[in-house]
Amino acid sequence: MDTVKNKISKRSSMSDTSRSGSPKISIDKTVNSPKRLFMSLFLAFAVLGGIWSVATPLMAYPDEPSHTIRAAAVVRGQVTPQEGQSFGNGVHVLVPSYIANLEGQRCFVFFADRTADCAPVIPGQDTFDAIGVTSAGAYNPMYYAVVGLPSLVMSGAPALYAMRIVSVLFSAVFFAAAFMSLNRLRKAKWPLVTATIAVTPMVLFLSSGINPNSLEISATLAAFCAFLAVLDRSGDLRSVVAPIATVVLSTAVLANTRSVSLVWLLCAVVGACLFFRWESTKRVLSNRLVLIGMGIAAAGVVLGLLWMVLASRAPASSGSAPEGIVNPAPGVAPYQAFVTMLDRTFDFIPQYIGIVGWLDTAVPQGVMAFWSMLFIALLLLSLLARPRKLAISMAVALVAVAVVPALLQAMLITTVGFFWQGRYTMPLVLTLFVAAGLALRTRGFPTGRRRRSVARALFWAALAAHVIGFLYVLRRYVVGIIDISTWQTMISHPSWQPPLGWFVLTLIYAVVMLFVAQRFYAFLFPGHKLFVAPAIRLKRKELV
């Protein structure tokens, strides 16, 4: 009898543990295979990023013309800038004429009241070689060698959209890997919640254009989340082979994305170690499988460093940015630039949420307010975490978001002036909010009826914020933003239409968002749904 009672007690305690935030590794009961889970996450990010890439006019992404020209040049064998090819604001390369002349597509940039129909039609037959100028001529060719492939088999606007889609898929792989790694954590719900909150409209927008910034953000997040999973399971490293591989691949990719990416990688590794005991780090670093992975990752880092050396010997103007991007600041000392950047720390927050286009279109203030509320709540709760080590680690991560960009800006103030934008800090911002979720794990995940009701309200608010932000950006390009409301004009007389039309794209975006939210809510609260179709009950009339 005692043995039977013990078994029943053990089953009961296991059930309670599962309800209170268990280490179960499944986002949904129907998705019990890691491969299926990865594909679900990958498709979610790919579809959402793909919708943004189609909805945004060509070349409406920051510096997109230069990066497009660079991609087309790299896949045609023009990898390194040579003497005699660099003049004025960049490197001169031979690319198809429709790509060389993309600057004309920027007619609406910086003018919120100007619609995208001012851009000339991109001729599909205009494929003869012409000289294009790119300010990204000294950038590592890895990203461009992948993204530029569609331009070899397609032409005109379809080729440019295809290049965007390839970039979206590239980033989606690492976003999916990041969330897969978080799902490996013990008590993974809080980190998954905070990581989801960190995916703002700006993150999805940045994943949609031709620019290595998108890959830099997703790969940094993947490296950080995967390393957290490895440290969290340091006692059983055979169970985290996939996260170890993710760390290796993300490291190699980051080292060959942009020169500053290695700084984000260092911050991610140090930040992850701060949340765990030194014994966990020692066990990880002494594991044979990890050491092999470190060797492979080191080879990727060496390749990235070799490119930096090669790029440093390029012609002086090969990496110069166009006028308006670089802001010379003669007479400003590095320490003054550092302090100025600290003063601007909070000014960058809107750019983490949604300042899209060439920083010329902000999402509505209601959307800004919603995410600001979530950011503040998460940061305050995580800074109150116990044990104190978690709060201290969280404080270090928070300080890094302000100090590291300030240091980088100060180092370059004498050569390029003030150039920093909020999107450059996005890799650190995303890791900060994942760290907040890690600190909150000790609180346990709330599952009561009232908590579910609060969560349901927040889910619907987040859905509305995402869709409204998306629709507002479309409005800016379809009819322009002026002092008088243009919503009715958007319906009756649109000046510009994206492929499929703005209404269809918005509808698809809303449906996909709803589907993703439904699945995530079901994972957080098993047995409950975010949206339940109302049942129709018919009352029978009594016969008199």
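Just the number, please: carbon plus sulfur as a percent of the accessible area of region 324-464, 1.4 Å probe, no ligands or DNA/RNA counted.
69
For the full complex of protein chains and a 1.4 angstrom probe, list Ser40, Ser171 by accessible area with the highest value first. Present the calculation step by step, with values, prior to reporting the outcome.
Values: Ser40 55, Ser171 0 Å².
Order by accessible area, largest first: Ser40, Ser171.
For Leu514 and His493, calculate 0.36 nm times their separation in residues minus their Cα-Cα distance, and state this gained length in nm to one decimal.
Full extension from Leu514 to His493 adds 4.7 nm.
Counting heavy atoms of the protein chains only and a 1.4 Å probe, report the per residue accessible area for the chain as a whole number of Å². Let's see the in-between values first.
Details: 25520 Å² over 544 residues.
On a per-residue basis, 47 Å².
Could you work out the relative contact order of region 318-472, using alpha carbon pairs under 8 angstrom and six or more residues apart, expressed as a whole percent? If you can, show how the numbers build up before the last one.
On the way: 130 pairs, mean separation 59.9, N = 155.
RCO, region 318-472: 39 percent.
Quick one: net charge around Ala157, please, counting Lys, Arg +1 and Asp, Glu -1 for every other residue with C-beta under 13 Å from its C-beta. Please list the in-between numbers first.
Numbers: positive: Arg164; negative: Asp126.
Net charge in that neighbourhood comes out at 0.
Order these peptides, 277-286, 462-471, 135-144, by their mean beta-carbon neighbour count within 10 angstrom, highest first. Mind dumping the intermediate values first?
On the way: 277-286: 13.7, 462-471: 21.0, 135-144: 24.4.
So the peptides 277-286, 462-471, 135-144, ranked by packing, come out 135-144, 462-471, 277-286.
Can you tell me how region 173-309 classifies by the Cα gyration tensor, rounded, prolate or oblate, using a/c under 1.5 as the rounded cut?
Details: a/c = 2.04, a/b = 1.13, b/c = 1.80.
Since a/c reaches 1.5 but b/c is at least a/b, the shape of region 173-309 is classed as oblate.
For the chain, what does the helix formula give at 222 nm: sum of -39500 (n - 2.57) over DSSP H segments with n ≥ 4, over the residue count, nearest 500 deg cm²/dmol?
-19500 deg cm²/dmol
Hey, what's the Kirkwood Rh for region 234-393 if you take every pair of different alpha carbons, in angstrom?
20.0
Among the complete DSSP H segments of the chain, which ones combine at least 18 Å of alpha-carbon extent along their axis with a mean Kyte-Doolittle hydropathy of 0.5 or more?
34-55, 156-182, 213-232, 241-255, 261-274, 288-312, 365-383, 388-416, 426-439, 502-524
For the chain, what relative contact order do you get, as a whole percent, if you take Cα pairs closer than 8 Å and at least 6 residues apart?
Relative contact order for the chain comes out at 21 percent.
Taking amide H atoms as placed 1.01 Å from N in the peptide plane, list the residues 5 or more away in sequence, or in a different chain, whose amide H sits under 5 Å from that of Gly417.
Ala329
On each of the three principal axes of the Cα atoms of region 482-525, give max minus min coordinate, whole Å, ordered largest first.
44, 25, 13
Val403 accessible area, nearest 10 Å², 1.4 Å probe?
40
Within region 200-274, what whole-number % of the accessible surface is contributed by carbon and sulfur, with the 1.4 Å probe and all protein chains included in the calculation?
70
If DNA, RNA and ligands are ignored and the probe is 1.4 Å, what is the ranking of Leu160, Leu43 by accessible area, most exposed first?
Descending order: Leu43, Leu160.
With a 1.4 Å probe and all protein chains kept in place, how do Leu428, Leu274, Leu500, Leu291 rank by accessible area, largest first? Kindly include the intermediate steps, with their values, before the conclusion.
Details: Leu428 10, Leu274 60, Leu500 125, Leu291 85 Å².
Largest accessible area first, the residues go Leu500, Leu291, Leu274, Leu428.
Which of the following values of Rg and Dmax of the Cα atoms in Å was calculated from the structure shown: [x] 23.4, 73; [y] 24.2, 84; [z] 24.8, 100?
[z]
Sort the following peptides by mean Cβ neighbour count (other Cβ atoms within 10 Å, averaged over residues), highest first: 112-121, 441-450.
So the order, starting with the most tightly packed, is 112-121, 441-450.
The values are calculated or read from the model by the stated rules, or taken from the named source; none is laboratory data. From a predicted model like this one, the values you see are computed outputs, not experimental measurements. A quick note on method: Cβ atoms are made from the backbone with ideal geometry, for glycine too, and the neighbour counts reach across all protein chains shown. With ligands, DNA and RNA removed, areas are computed over all heavy atoms of the protein, side chains included. Shrake-Rupley method; radii C 1.70, N 1.55, O 1.52, S 1.80 Å.
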